[in-house]
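These notes concern the structure reproduced below.
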Amino acid sequence: MHDAISLEEKGVPTAVVVTEVFLHEAHVQRAALGMNDLDPVVIQHPLSTLSDEEISARAGDAARQAVKILLEG
């Protein structure tokens, strides 16, 4: 979150990816850092036990969300 906010403040659009388990913490961090408009990309948890195919599906979902966030702001 810190890196994304630093980049956003420099005019570089970003998309932070978190699993739903860490969504609350992402919201707390963005509020604490004054960037409430930074919407995270949210994917299902966990990742470490997934097959390559399952990871690919999650990556596709994350990519679609990131494009929406970056283009629709």
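Between LYS68 and ASP52, 0.36 nm times their residue separation minus their Cα-Cα distance comes to what?
Numbers: separation 16, 0.36 × 16 = 5.76 nm, distance 2.44 nm.
Roughly 3.3 nm would be gained on extension.
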>> If you fit an axis through the alpha-carbon atoms of helix 52-72 and take the longest principal axis of the Cα set of the chain, what angle between them do you get, 0 to 90°, nearest 10?
In response: 30
>> Taking loop as defined by DSSP and a crowding limit of 16 other beta carbons within 10 Å, which trypsin sites (Lys or Arg not before Pro) in the range 1-72 fit?
In response: LYS10
> Residues with amide H under 5 Å of ILE43's amide H, sequence separation 5 or more or different chain, H placed in the peptide plane at 1.01 Å from N; which?
Replying inline: VAL18, THR19, GLU20
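Is the range 20-69 rounded, prolate or oblate when judged by the Cα gyration tensor, a ≥ b ≥ c being the square roots of its eigenvalues, rounded requiring a/c under 1.5 and prolate requiring a/b larger than b/c?
Working: a/c = 4.65, a/b = 1.76, b/c = 2.64.
In terms of gyration-tensor shape, oblate.
A short reminder: the numbers here are calculations on the coordinates, not readings from a lab. The structure presented is a predicted model; accordingly, all values stated were derived computationally and were not measured. Backbone-built Cβ (ideal geometry, glycine too); neighbour counts: all protein chains shown.
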